[in-house]
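I have placed the structure first, in the form of structure tokens, so that the comments after it can refer back to it.
The values are calculated or read from the model by the stated rules, or taken from the named source; none is laboratory data. Keep in mind it's a predicted model, so treat the numbers as computed, not measured. Glycine also receives a Cβ, built like all others from the backbone with ideal geometry; neighbour counts cover every protein chain displayed.
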Amino acid sequence: MSELEVKYVSSNDLIPYANNPRTHTDNQVIQLASSIKEFGFNNPILIDESKVVIAGHGRLAAAKKLGLETVPTITLTGLTDAQRKAYVIADNKLTENSRWDYDLLSIEIERLKELDFELSELGFSEVELDGIFNSEPDMALLAELEDEELDKYEGNVKRAIQIEFESEHYDEAQELIKFWRGNEAYVGYMIIEHLRTEKRKL
């Protein structure tokens, strides 16, 4: 395996992959730009021999937003056309397959708060941060609760989210949600993650 070499090239010379299935919202590009300003451009853009972007489309968009004339790149040589196409997908999908340890995550973020670090730089929304610090984020997904019944919940839970299930799926859904709640998982955010992933496929 050859050693990887980081080279700075003109951001205008890089060519986004035309069939890149991963999309980046304006808000995400702003977050990436903010991260680059705070931490530096520490994650090079991966390109092929023709300077077509394989991984790092969002970082390239953020660099252009910041007006950066050059960006760090690593050229991946010797890939077949199939490998190049597959890597574009795999680089994004494999990162999605990891999960957070929310106990450790809350501890680390709490330490950052104590150090007066701007938490928005982490990429989490205010709702996500609120959910991370809420010890019992119960969304009451399978219950038709009245407003007064919701008063027993603490934290940021304001209303129930009613989700419809076909009869053949109801019992399984109830068991799955009971299982994950029993393991102290933030079920609401697990659902959000899945729905967000499915939305990206559209």
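Considering only residues of region 1-32 that are among the acidic types (Asp, Glu) and either in contact with a Ser or Thr (Cβ under 6 Å, 6 or more places away or on another chain) or assigned to a helix (DSSP H, G or I) (or both), which is farthest from Phe124 (Cα to Cα)? Taking the candidates together, the pick is Asp13.
Taking (1) under 22 Å from Ser106 (Cβ atoms); (2) at pLDDT 50 or above; (3) among the acidic types (Asp, Glu) in turn, Glu154 satisfies each apart from (2).
Scanning region 180-196 for residues that are more than 17 Å from Tyr102 (Cα to Cα) and among the hydrophobic types (A, V, I, L, M, F, W, C) yields one hit, Leu195. Among the residues of this structure, Phe124 counts as one that is modelled with pLDDT under 95, surrounded by 14 or more Cβ atoms within 10 Å (Cβ to Cβ) and hydrophobic (A, V, I, L, M, F, W, C). Looking across Ile89, Ile132, one residue alone is modelled with pLDDT of 90 or more and either part of a loop (DSSP other than H, G, I, E, B) or aliphatic (A, V, I, L, M) (or both). It is Ile89. On inspection, Asp48 passes the criterion of being surrounded by 14 or more Cβ atoms within 10 Å (Cβ to Cβ), in the same structural domain as Asp91 (by TED's automatic domain parsing) and touching a residue at least 12 places away in the same chain (Cβ under 8 Å).
Kindly indicate whether any position in region 173-192 is at positive phi and at pLDDT 80 or above.
Start the filter on region 173-192 by keeping residues that are at positive phi, which leaves 184.
Narrowing the set further to residues that are at pLDDT 80 or above leaves none.
No, every residue in region 173-192 fails to be at positive phi and at pLDDT 80 or above.
If the condition is being among the aromatic types (Phe, Trp, Tyr) and assigned to a helix (DSSP H, G or I), then region 92-105 contributes only Tyr102. If only residues of region 1-18 that are touching a residue at least 60 places away in the same chain (Cβ under 8 Å) and of a type outside the set (A, V, I, L, M, F, W, C) are counted, the one that is nearest to Gly56 (Cα to Cα) is Tyr17.
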